[in-house]
Amino acid sequence: MDKTFYASIILLTVSIIFKVFNPKEINKFFGYRTFQSMSSKENWIYANKLSAKFSIYTFSLLLLVSLIGNLLSLDYEKYYWAICGGGILISMFYIEYKLKFGEKKF
């Protein structure tokens, strides 16, 4: 296994911990911190729950890509990082959109 496999394990573990121990109070050190998410406690809680959910999806997909790439000895690293960056950007845009325009439901 290579570095992407271990990075996926670490990121997925952190995401699960973040989901279980979601920050309940607005702070400047831990959590999904944007202007919109920190504007109210309701937004803070919603954004952090949604962020943890998307992180688990993204990093689970990365773990799967890493496992398949390693098992088949493929040169997949550029796709791995593209999925990582894309997943983070898509989740940020989606969360910010939901905070601004959407209903805050799961």
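Where a number appears in this text, it was derived from the coordinates with a stated rule and is not lab data. As the structure is a computational prediction, the values presented were derived from the model and not from experiment. Please note: Cβ atoms are built from the backbone with ideal geometry, for glycine as well, and neighbour counts cover all protein chains shown.
Quick notes on this structure:
- The number of Lys pairs in the stretch 23-105 with C-alpha atoms less than 23 Å apart, excluding pairs fewer than 8 positions apart on the same chain, is 27.
- Going through (i) 25, 17, 13; (ii) 29, 14, 10; (iii) 42, 22, 12, the figure that equals semi-axes √(5λ) of the Cα gyration tensor in Å as computed for the structure here is (ii).
- Take every pair of alpha-carbon atoms less than 8 Å apart whose residues are at least six positions apart; their mean separation over the length of the stretch 3-101 yields a relative contact order of 34 percent.
- Taken about its Cα centre, the chain carries a charge dipole of about 480 debye when Lys and Arg each add +1 at the Cβ and Asp and Glu each add -1 at the Cβ.
- Tensor-based shape of the stretch 15-75 (alpha-carbon gyration tensor, a/c under 1.5 rounded, otherwise prolate or oblate): prolate
- Loop-located GluC sites (Glu not before Pro) in the chain, at most 15 other Cβ atoms within 10 Å (DSSP): GLU25, GLU103
- The chymotrypsin sites (Phe, Trp or Tyr not before Pro) found in the stretch 1-93 that occupy coil by DSSP, while having at most 11 further C-beta atoms within 10 Å, are PHE21, PHE29, PHE35.
- In the chain, taking the dipole from charged Cβ atoms about the Cα centre, the farthest positive-side position among ASN27, TYR76, LEU61 is held by ASN27.
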